[in-house]
Structure formats: C-alpha cells, structure tokens
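Structure, as structure tokens:
Taken together, the values in this text are just the output of simple stated rules run on the coordinates, not laboratory data. All of these numbers come straight from a predicted model, not from anything done at the bench. Heads up, the Cβs are rebuilt from the backbone with ideal geometry, glycines too, and the neighbour counts pull from every protein chain shown.
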Amino acid sequence: RAKEAGRNRFKVFTNRMLESAVELLTLENDMRRGLESGEFFVVFQPIMDLRGEDLMGFEALARWNHPIRGAISPSEFIPMAEESGMILPLGEWVLRTSIKTLADWRKASIGATGLFISVNISSKQFARLELDKIVMKALHDANLPPEALKLEITESTILENPEAAVRILERLRKQGVHFSIDDFGTGYSSLSQLQQLPVDTLKVDRSFISRMKSDPENMEIVKAVIALAHSLDLDVIAEGVEEEEQLCSLIDLNCQSVQGFYFHKPLSKEKAEELIWQRANFDDSSPRQTMAQA
Ligand code: C2E
Ligand code: MG
Ligand code: MG
Ligand code: MG
C-alpha cells in the first residue's frame, strides 16, 4: 500500500513537472510573440527626496498584458524569462524603451531636467560581456547623457562572478553610468566586498522597511544599513515605504530618498508625464526652486 501511494505520488510529481515544462515553453513562445506585438510596456515608479518635496527620478518596471491571461506580474514572468533566455531581448527592450522615454521627456519639458531613470538588470544580462556596448549604444541612440542612467543589480549578480562584474561596472562607470545595489540586505555580500564595489547607491529592501515598526531588530538593520552607506559615501533609497510612520523613522535616520506607495505607485507613462509637467510649472518663489538656484 505504501509502495502504491509512493508510486502515485511520483506520478503526480512527474505530471506536474511536465505541466510546468509545457507552461514554460508556452510562455516562452508567448513572450517572444508578445514582445514583437507590443504586449509589454514599462511603468515608472517615482523616487522622491525624503520629504516628498521633489522628484529625483523613476524606476522602470516591466509589465506584460497577456492576451488571454491578462496582466502577468514580473515576479512571475521575469524568473521565466531568465530561465528561458528571453531576459536578454526583453531586458534590452526595457533598457532601450526606458532610456528613450527619459530622453523624450527631457526634450519636451524642463520639468525633466536632472531626473534619472533606473533600470533593473538581471544577472544573465550582466554576465554578457557586451552589456556595456548595449547600454552605451542605447544612450547614444536616444542622445541621453550616461549620468541620467542608473542600473540596478543585486548582490547575487555580483557574487556570481565578481571579477567579470567589477570589470563591467568599472567600464560603464567610467562612461558616467551609475549603479545601485537592489534589495540590499537580502544577499550575502560582506562588508569588505561592498567596500570594493564601484557602486553609488544602496536600495534597502522593502522587507526591512515593512517590518521596521513591528520588529525592533528590523529598525536596527535599517539604521545600520543607512549608517553603513553614509560611511562608504553611498546614497540610500528606502524601498516600499507605505506609511507615514515609516517615513518619519527614515527622516530620523537621515535616509535621503524613498520609493513606495506612500508617495506613488508605479505610474503609466502618461501619469508620469503629468508629474513632470507639474514640476516644470513649480512657482519660482517656492523653496525648492530657491534651493536649486542657490
Ligand atoms: P524591484 O526591482 O525590487 O522593484 C520594486 C518592486 O517593489 C516593484 O514590484 C514595485 O512595484 C514594488 N513596490 C514599490 N513600492 C512598493 C510599496 O510601497 N509597497 C509594495 N507592496 N510594493 C512596492 P514589481 O513591479 O512587481 O516588480 C517586481 C520585481 O520584478 C522587481 O523588484 C524586479 O526584481 C523585477 N523586475 C521588474 N521589471 C524588471 C525588468 O525590466 N528587468 C528585470 N531584470 N527585472 C524586473
Ligand atoms: Mg529594482
Ligand atoms: Mg528592489
Ligand atoms: Mg525587491
């Protein structure tokens, strides 16, 4: 009996495996077709200075509107794209689209002056030696200065192949491109590794921010990460700020910038443009403008 049950379980297991293999293949085809037929688009989540008085830039986030399944979340399709290799064309499309969009905004409105666009780069893309050429070509084609681009990578991307990673980082940074470490605190990079990395910004993972209030240990972690960033002369962005109380704690901790639903969810291109136009129409006597001019 036990044997039979075991065999049945095995059968169920293989069927599932087959199903998920078929699903992966189908989705891979769907993705290829969807990329060509315009089912993918980019949304833009504002990154604000701490008090929410100024927009600093946007994180570009990929979205997929599947013709049958509807909206599929990136936490589902990005891992599949990574597994199937589709992340290479998809990632390049997101990169080019994001760069072109910011370049267009900069041409259309002084409200976009000084804004950056931050694009997620997966480790598969990073492992490619021509990444720097792809990035520089996209910037050149859109006529966007490299300083307006940030690339987000995770600790594991760097740890997977530290020498190659540092080489690409250094090459692009020499051209003026900035780098952030995304989801910081969830990986395993050591202090000494971090110190040697040519990056500009740490993005504190949302999981720490969301548990800051309920769990004093998380508050200590956030505090330590911010202090660490400052001592290494790096900027810090707190991810996933949803509540005023979190914002107040972050102000106390001297964090410079935040990203989260408290200020804005990821926005459509049109909604992002509204924010930029508003910024352009800011009254000259406003404190923000005076400070920028000083
Ligand atoms: P991420 O890079 O850490 O992006 C931040 C995620 O947190 C986004 O989820 C954003 O919508 C969400 N978020 C921001 N503020 C809040 C908040 O206050 N509350 C909550 N609950 N969530 C918040 P999204 O857009 O679903 O993306 C998930 C992940 O998928 C991203 O995490 C990133 O790892 C990956 N991803 C998205 N687009 C791309 C892409 O173009 N390329 C690559 N390689 N990965 C991407
Ligand atoms: Mg990110
Ligand atoms: Mg993140
Ligand atoms: Mg995250």
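Quick one: which residues, 5+ away or cross-chain, put their amide H under 5 Å from the amide H of GLU152? H built at 1.01 Å from N.
It is VAL119, ASN120, ILE121, SER180, by chain and number.
What residues have an amide H closer than 5 Å to that of ILE47, excluding those fewer than 5 places away on the same chain, when H is modeled at 1.01 Å from N in the peptide plane?
So ILE47 has HN proximity to MET56, GLY57, PHE58, GLU59.
Cα centroids of the stretch 84-125 and the stretch 38-55: how far apart, whole angstrom?
12 Å
Return the aspartates and glutamates within reach of LYS107: Cα separation strictly under 19 angstrom, same-chain partners fewer than 8 residues apart disregarded; answer none if there are no such residues.
ASP141, GLU147, GLU270, GLU273, GLU274
In a Debye calculation with equal point scatterers on the alpha-carbon sites of the stretch 86-178 and no solvent, what is log10 I(q)/I(0) at q = 0.19 Å⁻¹?
Here log10 of I(q) over I(0) equals -0.85.
Just to be sure I follow the definition: excluding the sites themselves, where is the longest run in the chain that has none of the GluC sites (Glu not before Pro) in a DSSP loop with at most 14 other Cβ atoms within 10 Å?
131-241
Two decimals is fine: what is log10 I(q)/I(0) at q = 0.10, 0.12, 0.16 Å⁻¹ for the chain, from a Debye sum with one equal scatterer on every Cα and no solvent?
Debye curve over Cα of the chain, log10 I(q)/I(0) at q = 0.10, 0.12, 0.16 Å⁻¹: -0.61, -0.86, -1.40.
Whole Å is fine, so just give me how far the alpha carbon centre of the stretch 168-199 lies from that of the stretch 137-164.
Each part reduced to its Cα centre gives a spacing of 10 Å.
Hey, how much of the P(r) for the stretch 160-270 falls beyond 17 Å, as a percent of Cα pairs?
Considering the stretch 160-270, 56 percent of its Cα-Cα pairs are separated by more than 17 Å.
Pick from ASN281, ASN161, ASN120: which residue has the top mean-square fluctuation in a GNM of the chain where Cα pairs under 10 Å get a spring?
Of ASN281, ASN161, ASN120, the Gaussian network model singles out ASN281 as fluctuating most.
Just to be sure I understand: of the beta bridges DSSP finds with both ends in the chain, what percent are antiparallel, rounded to 5?
40 percent
With θ taken as phi - 60° and the coefficients 6.51, -1.76 and 1.60, list the Karplus ³J(HN,Hα) couplings across the stretch 118-128 in order, rounded to whole Hz; mark glycine and proline as x.
10, 10, 6, 10, 7, 5, 4, 5, 6, 6, 7
Pairs LYS133/LYS213; LYS100/LYS124; LYS174/LYS271; LYS174/LYS213: which are spaced more than 32 Å apart, C-alpha to C-alpha?
Those over the limit are LYS133/LYS213; LYS174/LYS271; LYS174/LYS213.
Check GLY260: other-chain or 5+ apart residues with amide H under 5 Å from its amide H, H built from backbone geometry?
Distant-sequence amide H within range of GLY260: GLY240, VAL241.
If you take the Cα atoms of the stretch 1-141, find Rg, then find the Kirkwood Rh from the mean of 1/r over all pairs, what is Rg/Rh?
Ratio of gyration radius to Kirkwood radius: 1.14.
Tell me whether the stretch 169-234 comes out rounded, prolate or oblate; compute the Cα gyration tensor, take square roots of the eigenvalues as a ≥ b ≥ c, and use a/c under 1.5 as the rounded threshold.
Taking the square roots of the gyration eigenvalues as a ≥ b ≥ c, the stretch 169-234 is prolate.
Hey, in the GNM for the chain with a 10 angstrom Cα cutoff, which one of LEU191, LEU131, LEU234 fluctuates hardest?
LEU191
Give the range of the longest stretch in the chain that excludes all trypsin sites (Lys or Arg not before Pro) found in loop regions by DSSP and having at most 13 other beta-carbon atoms within 10 Å. Write down the numbers at each step before the final one.
On the way: sites that count: ARG1, ARG51, ARG69, LYS213.
So the longest stretch without any such site is 70-212.
Can you run phi through the Karplus equation (6.51, -1.76, 1.60; θ = phi - 60°) for the stretch 227-242 and list ³J(HN,Hα) in whole Hz, with x for Gly and Pro?
4, 4, 4, 4, 5, 8, 6, 10, 7, 10, 10, 8, 8, x, 6, 10
Pick from ALA142, ALA280, ALA112 the residue whose mean-square fluctuation is largest in a GNM of the chain, springs joining Cα atoms under 10 Å.
In this elastic network of the chain, the residue with the biggest mean-square fluctuation among ALA142, ALA280, ALA112 is ALA280.
Could you give each residue of the stretch 136-151 its phi-based ³J(HN,Hα) in whole Hz, using Karplus coefficients 6.51, -1.76, 1.60 with θ = phi - 60°, and x for Gly or Pro?
Couplings: 5, 5, 4, 5, 5, 4, 8, 6, 9, x, x, 5, 7, 10, 10, 10 Hz.
In deg cm²/dmol and to the nearest 500, what is the mean residue ellipticity at 222 nm of the chain if only DSSP H runs of at least 4 residues count, each as -39500 (n - 2.57), divided by the residue total?
Details: 13 runs with 159 residues, N = 294.
So the calculated ellipticity at 222 nm is -17000 deg cm²/dmol.
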